[in-house]
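Working notes, beginning with the structure itself.
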Amino acid sequence: MEPLDKFSEFVIFRIGEFAFTAGKVITVVITLLITILVVWLIKLLMIRKRATDKFDRGNIYALFQIIKYVIWIISILLILETLGLKLNALLAGSAALLVGIGLGLQNTFINFIAGIILLFEGSIKVEDILEVDGQVVRILKIGLRTSKAINRDDIVIILPNSLMTSNKVINWSHQEKKTRFRIKVGVPTEVMLTW
């Protein structure tokens with residue numbers, strides 16, 4: 001048991017009072033592996049055939065995204081705590097820096113909040129047909145900051161989430177999966193003059 005204790009306390013490098021030991025590296029790697037495994041298992045359980053029959057695919061996807069982000073945030077906080085970073089002191093010391101970053105990344109935060117609204121609200125789901133800025137697109141993925149859509153020409157479009165929460169968006173498939181479009185067809189006419 002003593003060799004394991006010596007190995008886990010082996011210092012890889014030191015910065016001031018902070019010592020990065022082999023035990024901390026092993027703990028971080030194990031935490032990351034467990035997080036990846038848990039996320040994978042939850043995805044496997046949620047996107048089973050029977051689960052998707054009972055619930056709407058878009059709702060399951062949105063719920064999975066939220067669960068995945070919560071698990072990763074908890075995992076990152078555990079890793080920072082394992083490494084010995086005191087989060088209270090870190091946040092208090094960097095308050096002015098965080099205000100500056102917040103002002104600089106205001107657009108990103110707006111899109112982030114819009115992504116959370118889209119995932120929770122469910123008014124726009126994966127596979128919905130939308131008309132955004134005059135283009136008809138099908139939603140492939142809803143992320144926290146951006147959403148991925150594909151248009152009629154099979155071109156993938158990255159949409160900022162704030163575009164879908166603050167602008168007028170027509171959801172053609174909100175009620176049913178059938179989608180109807182109106183197409184105006186013009187017929188050329190010739191005027192015949194006879195003398």
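Summary value for region 94-180: 27 percent relative contact order, contacts being C-alpha pairs under 8 angstrom separated by 6+ residues. A Förster radius of 35 Å combined with the Cβ-Cβ distance from VAL187 to LYS141 puts the calculated FRET efficiency at roughly 0.30. Between ASN107 and ASP133, the FRET efficiency estimated from the beta carbon spacing at R0 = 22 angstrom works out to 0.80. Approximating the spin labels as points 7 Å out from Cα along Cα→Cβ, the ASN167-to-ILE36 distance works out to 3.8 nm. Extension gain, ILE76-THR27: 0.36 nm per intervening residue step, less the Cα-Cα distance, totals 16.4 nm. Ordering TRP40, TRP72 from the fewest to the most neighbouring beta carbons within 10 Å gives TRP40, TRP72. Distance between the pseudo-spin-label points of TYR69 and ILE158 (7 Å out from Cα toward the beta carbon): 1.7 nm.
Any read-out appearing in this document is the output of simple, stated calculations on the displayed coordinates, not a laboratory observation. Everything quoted here is computed from the prediction, not taken from an experiment. Neighbour counts run over all protein chains shown; Cβ positions are idealised from the backbone, glycine included.
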